[in-house]
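Engineer: A single structure is presented below for examination.
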Amino acid sequence: MTNPALINIVGGGLAGAEAAWQAQRQGVRVCLFEMKPERFSPAHQSPLLGELVCSNSLRSEAPDSAIGLLKNELRRLGSLIMGAAAASRVPAGKALAVDRQAFARFITEALAEQPDVEIVRQEVTALNFSEPAVIATGPLTTDSMAESLRELTGREQLHFYDAISPIVFADSINHDIVFRASRYGAGDDYLNCPLTEADYQTFYQALTTAELMPLRTFEEARFFEGCLPIEVMAARGYQTLLFGPMKPVGLMDPHTGRQPFAVVQLRQENREGELYNLVGFQTRLKYGEQRRVLRLLPGLEQAEFARLGSVHRNTFIHSPGLLTRFLNFAARPQLFLGGQITGVEGYLESTAMGWLAGVNAARLARQQPLLSPPPETAMGALVRHITNTEVRDFQPMNVNFGLFPALPGRVPKKGRGAAYAQRALEALEAWLARL
Ligand SMILES: Cc1cc2nc3c(=O)[nH]c(=O)nc-3n(C[C@H](O)[C@H](O)[C@H](O)COP(=O)(O)OP(=O)(O)OC[C@H]3O[C@@H](n4cnc5c(N)ncnc54)[C@H](O)[C@@H]3O)c2cc1C
C-alpha cells in the first residue's frame, strides 16, 4: 500500500493542533512543526501544544450567543479543542472555562498518539514546502516567519499591532440625536454624535481618568502616530481631540442648524448596515470603562457593543483579497493560513480557522474539492469577514452576529440570537449532508 499524502503544519497552538487533528482524520500524514520548547514567544510558557496564553475561559456557553453557537458548530464538526475543553472543564457559571494544564495535556497526548502525526519541535523560518502546508503561527509569530509572509504578501499586507476602535450595533444608536452627514456636505455616509461644550467636558473628564488595560512587557507603548489611542491623544491636552477624531469642522447638525462643539463619527462597518465603528476611537481602556465612557456620548447612551476597542500586539495578514474562502492564498494555492493570523480574534475563532485550513490542506493533498462553510454558520461568517474585500478598514474580529447575513424580516431583539443560531445549525446540517 502506498503511503498517504503528506501535509505540513507550522505552529502547534489552538489552530495548528486543530488543523493537525482534522487533517489526520481526513486520511493524510501530518508533519506538525512547533518551535517550543526550543524557543518561546514572549507569552508562551509551556512546552505543551494548545497552550492558552491568557484567560482560561473560552467564553459563553449560551446557545443563542455567537460564541456559544461557534462552540456548538465546532462540537458538531468533531473539534479536538472542544474535546479537550470537555475533558478539562472547571466551574465558571455560564462560561466554558478549563484547567489550562489538563486542556493542553489532552491536546498534546491526543496528537502524539496518532500514528500519522509527527510532531517536530523546530522553528520554521521559510515557506519553501513542496507539499500543502498550513501556517498557524499565531499573533506572536516569529520575526523570520513574519518576514517570509511579508515577502509573499507584500509589506503593506502584514500588520503587527491591533489598534481597534469599538463597534456598536446600529439599532442601539439613538437616531433622534445622531445625524447623518459627511464633512463639507460631501454625502451622508457617516452617523455623527454631536457634543456641546458641556458634553465634551464631561466626556473628556471621564476619558482621562478611566482605567486602562495593562500592557504586557513586550507591548511597551509602540503606538503609531497615525492610530494613537484616544486616551493618549486626550492626555496631550484638552484641545487635542478637537483637532483629531472629534473635530467638528464641516459638519452641521440639522437639529440645531449649527456646527457642534465636537463630533464623533460612526462609519458603517458591514454591508447590511447593522454595525458602525467609532472612527479613530482606538482605545486601551478597560472594557467596563469603555462602555461607561462611550455611553456618555450623545446618541450612544444605550449603545450595545459588537466589539470593544483594544491595542495589542497581533501579527495578522490583510486577508481580504489575499486568502480565498478555503483559507489558501489565491496566489499560492498550496499554502493555507489558520488561526489568529488570518485576522480573526479569540481562542475559538482561531480554532475554527485551524479546522478549515487543516481540512482543506488535507483535501488538496488528496486531490479532493475544497470546502467552505455556509455564511449563515458562525464559522462561515468568520470566513466571510476575513475574505470580504468590501470592508475598508479590515481589523480582526471576535465572532458576533453582526458578521452574519441579516435575518429575513423583522425578528424581535430578544429572539434574534436564537434565530441566528437555529438558522446556522440547520445550514450546517444541510452542508454536512451534502458533503
Ligand atoms: C498576550 C495575549 C493574550 C491573549 N489573550 C486571549 C484571551 O484571553 N482570550 C482569547 O480568546 N484570546 C486571547 N488571545 C488571542 C489568542 O492568542 C488567540 O486567540 C489564540 O491563541 C490564537 O491561536 P493560534 O493557534 O492562532 O496561535 P497560538 O495559540 O499563539 O499558537 C501559535 C503557535 O505557533 C508557534 N510558533 C510561532 N512561530 C513559529 C515558527 N516560526 N515555527 C514554529 N512554531 C511557531 C508558537 O510557539 C505557538 O505554539 C491572546 C493573545 C495574546 C498574544
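The values are calculated or read from the model by the stated rules, or taken from the named source; none is laboratory data. None of these values were measured; they are calculated from a predicted model. Please note: Cβ atoms are built from the backbone with ideal geometry, for glycine as well, and neighbour counts cover all protein chains shown. Accessible surface is based on the protein model in full, side chains and every heavy atom, while ligands, DNA and RNA are left aside. Shrake-Rupley method; radii C 1.70, N 1.55, O 1.52, S 1.80 Å.
Engineer: Output the residue which, of all residues in the stretch 1-20 that are out of contact with any Pro (no Cβ under 6 Å at 6 or more places or on another chain) and of a type in the set (Val, Ile, Thr), is farthest from the ligand (Cβ to nearest atom). It would help to see each step written out before you state the result.
Structural biologist: We begin by selecting, within the stretch 1-20, every residue out of contact with any Pro (no Cβ under 6 Å at 6 or more places or on another chain); these are 1-6, 8-20.
Filter once more, so that each one left must be of a type in the set (Val, Ile, Thr): 2, 9-10.
Numbers: Thr2: 29, Ile9: 10, Val10: 5 Å.
Ranking the qualifying residues of the stretch 1-20, first place goes to Thr2.
Engineer: Any idea which of (1) more than 21 Å from Gln422 (Cβ to Cβ); (2) within 16 Å of the ligand (Cβ to nearest atom) is the one Ala87 doesn't satisfy?
Structural biologist: It fails just one condition, (2).
Engineer: Just name the residue that is nearest to the ligand (Cβ to nearest atom) out of those in the stretch 332-362 that are among the aliphatic types (A, V, I, L, M) and touching a Phe, Trp or Tyr at 6+ places or on another chain (Cβ under 7 Å). If you could, list the steps in order and put the result at the bottom.
Structural biologist: Of the stretch 332-362, the ones among the aliphatic types (A, V, I, L, M) are 335, 337, 341, 344, 348, 352-353, 356-357, 359, 361-362.
Filter again for touching a Phe, Trp or Tyr at 6+ places or on another chain (Cβ under 7 Å), leaving 335, 341, 357, 361.
Details: Leu335: 14, Ile341: 6, Ala357: 10, Ala361: 15 Å.
In this case the residue turns out to be Ile341.
Engineer: Read through the list (1) at pLDDT below 95; (2) of a type outside the set (Ser, Thr, Tyr); (3) open to solvent by less than 40 Å² (accessible area, probe 1.4 Å), then give the number of the only condition that His318 fails.
Structural biologist: Single failed check for His318: (3).
Engineer: Checking the structure you have, find out if any residue of the stretch 76-85 is part of a helix (DSSP H, G or I), in contact with a helix residue (DSSP H, G or I) (Cβ under 7 Å, 6 or more places away or on another chain) and either open to solvent by 30 Å² or more (accessible area, probe 1.4 Å) or under 22 Å from Leu364 (Cα atoms) (or both).
Structural biologist: Yes: one or more hits.
Engineer: Being open to solvent by less than 60 Å² (accessible area, probe 1.4 Å) and within 9 Å of the ligand (Cβ to nearest atom) is the filter here, so list the residues in the stretch 121-130 that pass it.
Structural biologist: Residues of the stretch 121-130 that are open to solvent by less than 60 Å² (accessible area, probe 1.4 Å), as a first pass: 123-124, 126-127, 129.
Of everything in the stretch 121-130, those that are open to solvent by less than 60 Å² (accessible area, probe 1.4 Å) and within 9 Å of the ligand (Cβ to nearest atom) turn out to be Glu123, Val124.
Engineer: Is it true that Gly354 is within 21 Å of the chain's Cα centre (by Cα), assigned to a helix (DSSP H, G or I) and at pLDDT 95 or above? Spell out the reasoning first.
Structural biologist: On the way: within 21 Å of the chain's Cα centre (by Cα): yes; assigned to a helix (DSSP H, G or I): yes; at pLDDT 95 or above: yes.
Here the answer is yes, as Gly354 does meet what is asked.
Engineer: Let me ask you something else. Could you tell me whether the stretch 86-102 includes any residue that is open to solvent by less than 20 Å² (accessible area, probe 1.4 Å), within 22 Å of Pro37 (Cα to Cα) and either assigned by TED's automatic domain parsing to the domain that holds Glu34 or outside any helix (DSSP H, G or I) (or both)? So that I can check it myself, show each step before the final result.
Structural biologist: Restricting attention to the stretch 86-102, the residues satisfying the condition of being open to solvent by less than 20 Å² (accessible area, probe 1.4 Å) are 88, 96-98.
After this cut, where a residue has to be within 22 Å of Pro37 (Cα to Cα) as well, the list is none.
No, that holds for no residue.
Engineer: Restricting to the stretch 258-294, and then to whatever is touching an Asp or Glu at 6+ places or on another chain (Cβ under 6 Å) and more than 20 Å from Gly244 (Cα to Cα), can you tell me which residue is surrounded by the fewest Cβ atoms within 10 Å (Cβ to Cβ)?
Structural biologist: For the stretch 258-294, the residue satisfying everything is Lys286.
Engineer: Which fully enclosed strands (runs of 3 or more DSSP E) of the stretch 131-202 have 1 or more residues being more than 16 Å from the ligand (Cβ to nearest atom) and hydrophobic (A, V, I, L, M, F, W, C)? I'd like the intermediate steps shown before the answer.
Structural biologist: Values: elements: 133-135, 158-164, 167-169, 190-195.
Correct list: 167-169, 190-195.
Engineer: Which of the residues spanning the stretch 21-53 are within 11 Å of the ligand (Cβ to nearest atom), open to solvent by less than 50 Å² (accessible area, probe 1.4 Å) and more than 12 Å from Ala104 (Cα to Cα)? Steps first, please.
Structural biologist: Within the stretch 21-53, the subset within 11 Å of the ligand (Cβ to nearest atom) is 32-53.
After this cut, where a residue has to be open to solvent by less than 50 Å² (accessible area, probe 1.4 Å) as well, the list is 32-36, 41, 43, 46, 48-52.
Correct list: Leu32, Phe33, Glu34, Met35, Lys36, Ser41, Ala43.
Engineer: Also, I was wondering about something else. Pick from the stretch 380-403 the residues that are part of a helix (DSSP H, G or I), of a type outside the set (Phe, Trp, Tyr) and open to solvent by 30 Å² or more (accessible area, probe 1.4 Å): which of them is nearest to Pro320 (Cα to Cα)? Break it down stepwise before answering.
Structural biologist: Step one: of the stretch 380-403, the residues part of a helix (DSSP H, G or I) are 380-387, 401-403.
Adding the requirement that they be of a type outside the set (Phe, Trp, Tyr) leaves 380-387, 402-403.
Checking the rest, the ones that are also open to solvent by 30 Å² or more (accessible area, probe 1.4 Å) come to 384, 387.
Working: Arg384: 9, Thr387: 4 Å.
My answer is Thr387.
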